[in-house]
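Colleague: Would you mind keeping the following structure in view while I ask a few things?
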Amino acid sequence: MTPGIELLEGLNPAQREAVETIDGPLLIIAGPGSGKTRVITHRIAYLVRVREVSPYRIAAVTFTNKAAREMKDRLQRLVGTRSDALTVGTFHAFCALLLRRDGSYVGLPSNYTIYDAEDQLSLIKQAMELAELDPKQNPPQAIRSVISRAKSVLMDSQGLARHHKNYFEERCARVYHHYEELLARNNAADFDDLLMKAVQLLQEHQEVREKLQDRYQYLMVDEFQDTNVAQYRL
């Protein structure tokens, strides 16, 4: 039997076609419960075990930690210890790894801190004090949401200041400016920064971009239709 051929057993014709199609871009359209994760993991295993592609050259990104864990577990069963060399995780985990290696190009040291939602809100309140805004009249959570939306479309504080749609967003831009400075002072990034700074890194530094383009021959994106601007640009 051809090595790894059992990977194709139990797949329906459409799934098998998706697993065996490895040349050029491929879009898989599938409804809930149709075996999407099964196809992605079997496709990766097929590349490794049948086509002898180095796991080092394969990346797969998804949206949730739960989905990433499920994908990793399945791949460990399908390819064994070779799964350790695969790059599999959420968009944010992929970007965090990239920034640990090359974040110095965009002002992040390798030991930068990732702020969670609580840390982020605390820093926004500090930024509001610097912007002289009353938290009773300007809810910090609402300001955080505006800043997060701006980052999801790759807009920094200057961009929000130029393109604000109302007076509240103009105030948010002032807070955003101080928030950026506080993050930089603390060698920190929030979750939205992971995406935005990774995109900035790849756009502005050709040597880093080419290094990744050379490494990853196969990139699989789970739930592609849910990507926002930053994820799509990445």
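Colleague: Under a 5 Å amide H to amide H cut-off, with H placed in plane at 1.01 Å, what residues pair with VAL88 once short-range neighbours are removed?
Modeller: Amide H neighbours of VAL88: ALA60.
Colleague: Which residues' amide hydrogens lie under 5 Å from the amide hydrogen of ALA188, considering only partners 5 or more residues apart or on another chain, with H built in the peptide plane?
Modeller: Result for ALA188 returns THR113.
Colleague: Quick one: length gained pulling HIS163 to SER145 fully straight, 0.36 nm per residue minus the C-alpha distance?
Modeller: Stretched fully, the HIS163-SER145 segment lengthens by 4.9 nm.
Colleague: Right, another one. Count the net charge of all other residues whose Cβ sits under 13 Å from the Cβ of LEU108, scoring Lys and Arg as +1 and Asp and Glu as -1.
Modeller: Once positives and negatives cancel, what remains is 0.
Colleague: Roughly what would the spin-label model give for VAL153 and THR37, points 7 Å off Cα along C-beta, in nm?
Modeller: Modelled inter-label distance: 3.3 nm.
Colleague: While we're here: First obtain the Kirkwood hydrodynamic radius of the range 1-59 from its Cα pairs, then insert it into the Stokes-Einstein equation at 10 °C and 1.306 mPa s, and state the resulting D in µm² per second as a whole number.
Modeller: Value of D from the Cα-based Kirkwood radius: 133 µm²/s.
Colleague: I'd like the FRET efficiency for ARG233 and ASN65, computed as 1/(1 + (r/R0)^6) with the beta carbon distance as r and R0 of 25 Å, rounded to 0.05.
Modeller: 0.65
Colleague: Right, something else. Mind listing the phi-derived Karplus ³J(HN,Hα) values for the range 153-161, rounded to whole Hz, using 6.51, -1.76 and 1.60 with θ = phi - 60°, and x for any glycine or proline?
Modeller: 10, 6, 10, 7, 5, 5, x, 5, 5
Colleague: Separate question: Roughly how many Å² is the accessible area per residue of the chain, as a whole number, for a 1.4 Å probe?
Modeller: Result: 56 Å² per residue.
Colleague: Hey, got the dipole for the range 13-160? About the Cα centre, +1 on K and R Cβ, -1 on D and E Cβ, debye to the nearest 20?
Modeller: 700 debye
Colleague: Another one. Using only Cα atoms and rounding to the nearest 10 degrees, what angle (0 to 90) does helix 117-130 make with the longest principal axis of the chain?
Modeller: Between helix and principal axis, roughly 30 degrees.
Colleague: OK, next. Among LEU219, LEU154, what's the order by accessible area (1.4 angstrom probe), most exposed first?
Modeller: Final ranking, largest accessible area leading: LEU219, LEU154.
Colleague: Follow-up question, since we're still on this one. Measuring from the lowest to the highest alpha carbon on each principal axis, how far does the chain reach, largest first, in angstroms?
Modeller: Each principal axis gives a Cα extent; for the chain these are 72, 36, 27 Å.
Colleague: With N set to the residue count of the range 95-234, report its C-alpha Rg divided by 2.2 N^0.38 Å to two decimal places.
Modeller: Taking the Cα Rg and dividing by 2.2 N^0.38 Å, one obtains 1.11.
Colleague: Okay, moving on. So for the chain, taking the charge dipole from beta-carbon charges (+1 Lys/Arg, -1 Asp/Glu), which of GLY80, ALA93, THR227 sits furthest toward the positive end?
Modeller: GLY80
Colleague: What are the semi-axes of the equivalent ellipsoid of the range 1-140, taken as the square roots of 5 times the eigenvalues of the Cα gyration tensor, listed largest first and rounded to whole Å?
Modeller: 42, 18, 12
Colleague: Right, next: To the nearest 10 degrees, how steeply does helix 206-215 sit against the main Cα axis of the chain, on a 0 to 90 scale?
Modeller: Taking Cα atoms only, the helix is inclined about 30 degrees.
Colleague: Figure the gain on full extension for GLN203 and VAL53 (residue separation times 0.36 nm, minus the Cα-Cα span) and round it to one decimal in nm.
Modeller: This chain segment gains 51.2 nm when fully extended.
Colleague: Here's something else I'd like to know. Taking only Cα atoms, what is the 0 to 90° angle, nearest 10, from helix 91-102's long axis to the longest principal axis of the chain?
Modeller: Computed tilt is about 80 degrees.
The values are calculated or read from the model by the stated rules, or taken from the named source; none is laboratory data. These numbers were taken from a predicted model, which means no experiment stands behind them. Using ideal geometry, Cβ is built from the backbone for each residue, glycine included, and neighbour counts are taken over all protein chains shown. We work out accessible area using only protein heavy atoms, side chains counted, and drop any ligands, DNA or RNA first. Shrake-Rupley method; radii C 1.70, N 1.55, O 1.52, S 1.80 Å.
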